[in-house]
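Asks: First the structure, then my questions, so here it is.
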Amino acid sequence: MPGRSRSAEPNLTGEFAGAIHLPTPGFVPDPGGLAKAYADLFERKGGRFLSADAKTLEQVSGGWRVGGKGLVAATAVMAIAAGRAGSGGGAGGRGPIWCFAGSAMRVPLAVKRGYHLHLAPMATPSSTIRCWDADQGFVLAPMNRGIRLTTGVEFADRDAPATPVQVERALPRAHALFPLGEPVDAKPWKGARPCLPDMLPVIGKAPHHAGLWFDFGHQHHGLTLARWTGRLLAEMMTGETPFADPAPFAAERFG
Ligand SMILES: Cc1cc2nc3c(=O)[nH]c(=O)nc-3n(C[C@H](O)[C@H](O)[C@H](O)COP(=O)(O)OP(=O)(O)OC[C@H]3O[C@@H](n4cnc5c(N)ncnc54)[C@H](O)[C@@H]3O)c2cc1C
């Protein structure tokens with residue numbers, strides 16, 4: 001085994017030809033905790049969370065309302081950020097086309113599903129090293145919950161039953177690469193990445209509806225991009241000069 005790989009992560013075992021060291025990868029060991037911290041900050045700054053099904057969104061005189069008969073919110077401007085494909089399918093139902101109540105606009109939003117599983121570490125990993133096995137297509141990353149084994153993309157309906165075969169295939173190789181214990185999770189976690197054909201999100205005004213804005217379709221990078229696309233949307237909504245050119249993200253590109 002190449003000596004420099006071993007000195008960077010002394011726990012690595014097994015046979016491999018070599019490694020590429022990326023010195024400063026961005027990394028969040030508790031994504032759920034980060035999202036909760038953002039939510040707490042939002043409330044501390046005076047924001048409020050209200051819950052309603054986005055499928056009940058309707059245009060009314062002077063703006064938008066959501067919540068149906070049990071009205072939850074009525075407002076002059078509304079932003080839709082319900083990212084999972086099909087989530088707004090009031091008129092379109094399930095499938096790869098997303099559309100919202102009362103709208104003629106149809107967005108070809110589909111999902112790429114993915115899985116991960118946390119395993120107990122049998123050794124203390126280097127705090128900075130994540131291992132990507134390019135041949136087998138998986139990543140091992142130390143998280144607060146354990147060592148996360150994460151695999152590649154699965155093309156399937158968003159709500160189809162889970163088929164974590166990639167995780168099952170990767171497990172023996174992962175055990176050979178790093179001293180791993182038993183799974184911490186009862187079963188692999190499944191998620192769905194909301195993707196558009198050009199792999200760019202939709203950010204900006206709805207083409208045919210005054211006061212309606214979009215910010216969805218963050219594909220593989222929602223955690224990383226959200227703070228920037230949220231800023232871009234806020235600047236567009238408040239009439240400030242946007243820090244980046246919003247043209248490539250316009251909803252009009254889908255007609
Ligand atoms: C396996 C996997 C690995 C990932 N890895 C990374 C990574 O390494 N780096 C990274 O930056 N990102 C990563 N992500 C994040 C990801 O790819 C997405 O970009 C991100 O989750 C999309 O964010 P979103 O807010 O657009 O949509 P979502 O996360 O789907 O959030 C949409 C929200 O809308 C709500 N919603 C949906 N339908 C309705 C409805 N009808 N009414 C009301 N609310 C509704 C949902 O409950 C949810 O809260 C990963 C995701 C997966 C699944």
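Every read-out reported here was derived from the displayed coordinates using simple, explicitly stated rules and does not represent laboratory data. Model, not experiment: these values are computed from the prediction. Glycine also receives a Cβ, built like all others from the backbone with ideal geometry; neighbour counts cover every protein chain displayed.
Asks: Can you pull the Rg over Rh of region 130-255, Cα-only, Kirkwood?
Replies: Reported Rg/Rh, Kirkwood definition of Rh: 1.09.
Asks: Write down the Å³ per residue value for the convex hull defined by the alpha carbon atoms of region 133-192.
Replies: Measuring per residue, one finds 95 Å³ for the Cα hull of region 133-192.
Asks: To continue, here is another question. Could you let me know the centre-to-centre spacing of region 1-55 and region 158-235, using Cα atoms, in angstrom?
Replies: 13
Asks: Here's something else I'd like to know. Quickly work out the Leu41-to-Val184 label distance, labels modelled 7 Å from Cα along the C-beta direction, and quote it in nm with one decimal.
Replies: With each label point 7 Å from Cα toward Cβ, the separation is 2.4 nm.
Asks: Can you run phi through the Karplus equation (6.51, -1.76, 1.60; θ = phi - 60°) for region 221-237 and list ³J(HN,Hα) in whole Hz, with x for Gly and Pro?
Replies: Working through the residues one at a time gives 10, x, 5, 6, 7, 3, 5, 7, 6, x, 5, 4, 4, 4, 5, 5, 5 Hz.
Asks: Any chance you could give the angle, 0 to 90 degrees and rounded to 10, that helix 165-177 forms with the longest Cα principal axis of the chain?
Replies: 40
Asks: Helix 31-44 versus the longest principal axis of the chain: what angle, 0 to 90°, nearest 10, using Cα atoms?
Replies: 40
Asks: Within the chain, what's the longest run with no GluC sites (Glu not before Pro) in a DSSP loop and at most 14 other beta-carbon atoms within 10 Å? Give the range, please.
Replies: With a cap of 14 other Cβ atoms within 10 Å, the longest stretch comes to 16-239.
Asks: Considering amide H positions built from the backbone, and no H for Pro or chain starts, which residues 5 or more places from Trp213, or on another chain, come under 5 Å of its amide H?
Replies: Met78, Ala79, Ile80, Ala206
Asks: Follow-up. Once you treat every alpha carbon in region 1-51 as an equal point and sum by Debye, what is log10 I(q)/I(0) at q = 0.14, 0.20, 0.28 Å⁻¹?
Replies: -0.59, -0.79, -1.04
Asks: Same structure again: Projected onto the charge dipole of the chain (+1 at Lys/Arg Cβ, -1 at Asp/Glu Cβ, origin at the Cα centre), which of Phe249, Phe155, Ala76 gives the Cα projection farthest towards the positive end?
Replies: Of Phe249, Phe155, Ala76, it is Ala76.
Asks: With unit charges on the beta carbon (Lys/Arg positive, Asp/Glu negative), name the residue among Leu50, Val184, His116 whose Cα is farthest towards the positive pole of the charge dipole of the chain.
Replies: Positive-most Cα among the choices belongs to Leu50.
Asks: Something else now. How much length is gained on full extension from His221 to Ser7, taking 0.36 nm per residue of separation minus their Cα-Cα distance?
Replies: 74.0 nm
Asks: Now a separate question. Counting only Cα atoms, I'd like the Rg/Rh figure for the chain, Kirkwood definition for Rh.
Replies: 1.03
Asks: Okay, next question. Relative to 2.2 N^0.38 Å, what does the C-alpha radius of gyration of region 176-240 come to as a ratio? Two decimals please.
Replies: 1.68
Asks: Using mean Cβ contacts within 10 Å as the protection proxy, how do 145-151, 155-161, 173-179 order, highest first?
Replies: Packing order, densest peptide first, comes out as 145-151, 173-179, 155-161.
Asks: How high is the relative contact order of the chain, given as a whole-number percent (alpha carbon pairs under 8 Å, six or more residues apart)?
Replies: 18
Asks: Let me ask something else about it. Show me 18-27, 5-14, 211-220 ranked by packing, highest mean number of other Cβ atoms within 10 Å first.
Replies: 211-220, 5-14, 18-27
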